[in-house]
Amino acid sequence: MSTELDTDVSHNIEIGGDFKGGLGGAMIRHLIILLVLLFVWEMANRTGMGDPLLLPRPTDIVLSIWKIYVTQGNVWYHLWVTFKEAMLGCLIGCIIGIGLATAAVLSDVFRQFLKPYIIIVEATPRIAIGPILVTWFGFGMSSKVALAALVCFFAPFVNTITGLLGVEEESYELFRSLGATRKQVFWRLMIPTALPTMNAGLKLAVGSAFGGALVAEFISAQAGMGILMARYTMSLNMPSAFAGLLSITLYGFILFRIMEFIDYKVLYWRTDELMEKKSLKRSLAWKKEMQS
Amino acid sequence: MSDVSSDGILKGVKELSLVHKLSMHLGVFVILIGGWELGSRLGYVNELIMPPPTAIGYRLYEMFFITGSIYWHYFVTMFEAVCGFIIGVSIGLSLAVTSAISPVFRRYWAPYAVVFNVTPGIAVTPFIIAWFGFGWSSKIALAALVCFFPPFINTLTGLLYIDKDATELFRSLGANRKQYFWKLQIPSALPIIIAGLKLAMTGALIGAIVAEFFSASEGVGILMQRFAFRLNMDGSFAALIVMSLMGLSLFTLMEYMDVKVLFWRRHSRMEEVSKKRKAKWSIN
């Protein structure tokens, strides 16, 4: 079996980031291309080559953004609802996933009996359970939280297991020869080794929790970005629907950045600069302790 | 969408004989299902919420053998997912190859790729329905949209991160650009490309099902939603099991492709292929 752990490399997105001629120049060129594209789109629409009902003009979209954020201001409420659902779901899902994974790693018997069910859960499109969850938990917030949790629990679960099991034999040997207790092995060896993989799992979980909340809203809801966009498109108010989609993109982007930042801070030993800072701090603390 | 495979989960578990293992797993399974059935029959579990397994089993039997109603829905969803998969993968692969070959294209496409990455594909469902209507095409389009990203990013990563020494070897043997692409870049990227295809397969199925939830007249997704909204829970659980089956069969298909294509990663397959090649060589 191929044990490809990092099969999802979506965090490698900086792949085209070889900015030549400084960041400023590259930014300006990117901006010019974007403006040209938008201008062509706008002109195509105005000259009647595209149906403005289906693909609204960029200017209309901008006007709609202004409308839903400032004049009407109704999008804030819906954003907040979806945010709450996704974050609560993500939290619950991650706790369940990491808890199950830790139990599975600590007990070989449990892990063995879990395996067939994991394969089934892996192959099932988990989002498909949406209608059942809506029937169980009703039309309110709880069904969205439940679907988000269900959709996102799997990535942290599998990543935690793989990370915790991926400790090298030599490191175990070292810990054993230094007489580490079971607790020390877990906290000082297994967890730090697993952290990069676990973080990758959490990153995926955040994105999929958001998707889960949106799908549950599509199935049935009174408030949230999903139902807002559905209402706009159903009434063919496409500019506003696009404005909603753009807010979702922005929101996803901010979440992605936050997760990257957490990654950077928590896994300090992966960045030379942070590592130096941290070791300087630690050596100072150690010196102080020696003097007192 | 989860991306990681469950391989390696059994690391460190003692190897038991197959019969022993199977009987133990079966025992646990029977106890779980028996407990559920008993709880449901004795009234501890609300039948409206968790129908007893026998009722679900009967409903499955009815769907497949008495009325035979499931086959058409199964075919529709499967067709939508597979069509979407093919379209999405072709778009993803061609974009990836173009950006791997041309750094200029890569540089100017990268910001849009970021936008695609951070927007959950299924958020576009209402637009797709408005654009493509209520029929099959909207489901295919959503499946393609949801699944195009993993093959794209995986292929691009695979094609760009080539071992420095291998590149050096190809250069010193005077390989041309075409040989470099087909004999080095593609084979060394294949494992990660196939991993991306696996992700895309699940993604396509999810896309088709979500589009069916939104609005459809046929397909397993809408079948399940109808059952659930009529509080016919045994029916909707049966539909869920059918979707699991669908996922499992697609998953197995991808696994099979993995074994066939990436022959050099498994020892037994490697031997088989090299024996075949040797036989062919000695004839010539």
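None of the figures in this text is laboratory data; all of them are computed from the coordinates on show. This one's a predicted model, so the numbers in the text were calculated from it and none came from an experiment. Because the Cβ atoms are built from the backbone with ideal geometry, glycine has one as well, and the counts that use them run over all protein chains shown.
So here's what we get for this one:
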| read-out | value |
| --- | --- |
| Degrees between helix B:186-214 axis and first principal axis of chain B (Cα, 0 to 90, nearest 10) | 30 degrees |
| Cα gyration tensor shape for segment B:50-275, rounded if a/c is under 1.5, else prolate or oblate | oblate |
| For A:247-259, mean number of other protein chain Cβ atoms within 10 Å | 3 |
| Chain A: calculated mean residue ellipticity at 222 nm from DSSP helix runs of at least 4, using -39500 (n - 2.57) | -24500 deg cm²/dmol |
| Protection-proxy order for peptides A:55-62, A:172-179, each taking the mean of Cβ atoms within 10 Å per residue, highest first | A:55-62, A:172-179 |
| Spatial separation of Cα centroids for segment A:136-202 and segment B:207-284, in angstrom | 28 Å |
| Rel. contact order, % - alpha carbon contacts under 8 angstrom, at least six apart, segment A:75-278 | 28 percent |
| Angle in degrees between helix B:233-261 and the longest Cα principal axis of chain B, rounded to the nearest 10 | 20 degrees |
| Other protein chain Cβ atoms within 10 Å, averaged over every residue that makes up A:134-140 | 3 |
| Dipole of the protein assembly as shown, positive direction: furthest Cα of B:Trp109, B:Ala55, A:Phe218, with charges on the beta-carbon | B:Trp109 |
| Average beta-carbon neighbours from other chains, 10 Å sphere, peptide A:113-124 | 6 |
| For chain B, size of Cβ-based charge dipole, Lys and Arg +1, Asp and Glu -1, in debye | 1260 debye |
| Cα centroid of segment A:64-115 to Cα centroid of segment A:227-282, whole Å | 14 Å |
| Chain B: calculated mean residue ellipticity at 222 nm from DSSP helix runs of at least 4, using -39500 (n - 2.57) | -24500 deg cm²/dmol |
| Mean Cα-pair separation over length for segment A:145-261, i.e. relative contact order, pairs under 8 Å, 6 or more apart, % | 30 percent |
| Burial order of peptide ranges B:46-57, A:74-85 (average beta-carbon count within 10 Å, highest first) | A:74-85, B:46-57 |
| At least 27 Å along the helix axis (C-alpha) and Kyte average at least 0.0, DSSP helices within chain A | A:22-46, A:75-106, A:191-219, A:238-266 |
| Highest to lowest packing among B:28-40, B:196-208, A:238-250, scored as the average C-beta count within 10 Å | B:196-208, A:238-250, B:28-40 |
| The protein assembly as shown shape via C-alpha gyration tensor axes, a/c threshold 1.5 | rounded |
| Hz values of 3J(HN,Hα) by residue in segment B:60-69 - Karplus curve (6.51, -1.76, 1.60), Gly and Pro given as x | 4, 4, 4, 4, 8, 10, 7, 8, x, 6 |
